[in-house]
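Q: Right, I'll just put the structure down here and ask away after.
All of the numbers you see were taken from the coordinates with simple rules; none came from a lab. Remember, it's a predicted structure, so these values are computed and weren't measured experimentally. Heads up, the Cβs are rebuilt from the backbone with ideal geometry, glycines too, and the neighbour counts pull from every protein chain shown.
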Amino acid sequence: MGLQLTVLGSAGSHTGVGRACSGYLVEVDGTRLLVDAGNGSTANLQRLCSLRELDAVAISHRHVDHCIDLIGCYYNLRFDPAFDGQVPLYAAAEVHELLTSMMSNDSTLEFDLVFRHQQVGHGDEAEVGPMHLRFAHSIHPVPAVSVRIEAGGRTLVYSGDSAGGDELVEIARGADLFLCEASWTGDIDDWLPGIHLTATQAGHLAREAGVGRLVLTHITGAVDRDVARAEAATAFGGPVHLAEDLDTYAV
């Protein structure tokens with residue numbers, strides 16, 4: 001198997017009908033990386049593999065629609081007699097503190113028995129089996145990262161939640177597949193600044209970075225998805241897909 005992406009949750013900010021919040025399974029040659037773990041996403045994950053089969057987890061930021069399912073993962077693994085060890089957890093600043101603050105005192109003490117936490121920020125790198133991960137600062141109201149994943153000569157980039165910027169363009173440069181948030185449509189001036197991208201902005205970023213394919217995700221529930229695709233396609237000029245839960249992409 002080459003580098004493969006499966007969407008576990010594609011909803012923006014809150015769950016939707018048949019749609020979990022942000023979560024993505026990245027696989028190559030039997031190695032499994034969970035990227036983000038928003039509400040409901042790990043229910044879809046367990047359709048594909050058990051939690052004990054994960055080789056690592058990467059979390060883009062502390063907003064609950066991107067990380068809250070790790071609390072359930074903790075309890076799943078803590079009481080799984082077949083689980084022995086720790087899952088590497090690469091997380092932006094404040095993720096670990098948020099999750100442990102929401103757990104009971106006894107569980108908080110044991111969270112690190114299940115997850116081997118490492119805080120990551122701009123320029124940090126990690127190896128997960130054959131995958132090379134590089135993180136970049138993402139513009140968002142809380143500490144956040146985007147991630148570039150390379151394996152076997154193929155590259156997947158995930159924006160996380162982002163308001164764009166040069167650092168996102170650079171980390172996405174030349175990616176075969178760019179999984180990019182597109183929370184909104186229309187004019188960015190109609191929305192709050194410094195939080196999310198419009199579909200048009202996602203398309204412009206993809207074009208500037210010279211990516212091969214653009215997959216829009218984190219589209220909020222009130223947004224017309226067909227409009228989002230059309231706006232991104234006009235700005236990008238290349239193939240645009242809308243992420244759907246349990247969609248799989250060969251990178």
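Q: Is it the case that the range 79-97 has a residue that's exposed (fewer than 13 other Cβ atoms within 10 Å of the Cβ) and either closer than 29 Å to residue 153 by Cβ or touching a Leu at 6+ places or on another chain (Cβ under 7 Å) (or both)?
A: No: zero hits.
Q: Quick check on my filter: what residues within the range 41-55 are surrounded by 15 or more Cβ atoms within 10 Å (Cβ to Cβ), hydrophobic (A, V, I, L, M, F, W, C) and in a loop (DSSP other than H, G, I, E, B)?
A: Within the range 41-55, 54 is the sole residue that qualifies.
Q: Could you say which residue among 12, 38 is small (Gly, Ala, Ser), buried (at least 20 other Cβ atoms within 10 Å of the Cβ), without any contact (Cβ under 8 Å) to a residue 40 or more places away in the chain and farther than 23 Å from residue 127 by Cβ?
A: Every option except 38 fails the conditions.
Q: Further question: Tell me which residues, restricted to the range 208-251, are touching a strand residue (DSSP E or B) at 6+ places or on another chain (Cβ under 9 Å) and among the charged types (D, E, K, R).
A: Correct list: 213, 225, 226, 229, 231, 244, 245, 247.
The rows are residues; the columns are (1) closer than 28 Å to residue 91 by Cα; (2) out of contact with any Ser or Thr (no Cβ under 9 Å at 6 or more places or on another chain); (3) among the polar types (S, T, N, Q); (4) in contact (Cβ under 8 Å) with a residue 24 or more places away in the chain.
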| position | (1), (2), (3), (4) |
| --- | --- |
| 171 | yes, no, no, yes |
| 182 | yes, no, no, yes |
| 205 | yes, no, no, yes |
| 209 | yes, yes, no, yes |
| 233 | no, yes, no, yes |
| 239 | no, yes, no, yes |
| 243 | yes, no, no, yes |
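Q: Sticking with this one: I'd like the full set of residues that are in contact (Cβ under 8 Å) with a residue 60 or more places away in the chain and within 18 Å of residue 65 (Cα to Cα), limited to the range 21-32.
A: 22, 24
Q: Next up: Which of (1) under 24 Å from residue 91 (Cα atoms); (2) in contact (Cβ under 8 Å) with a residue 24 or more places away in the chain does residue 166 not meet, given it meets every other one?
A: Of everything listed in (1) under 24 Å from residue 91 (Cα atoms); (2) in contact (Cβ under 8 Å) with a residue 24 or more places away in the chain, residue 166 misses just condition (2).
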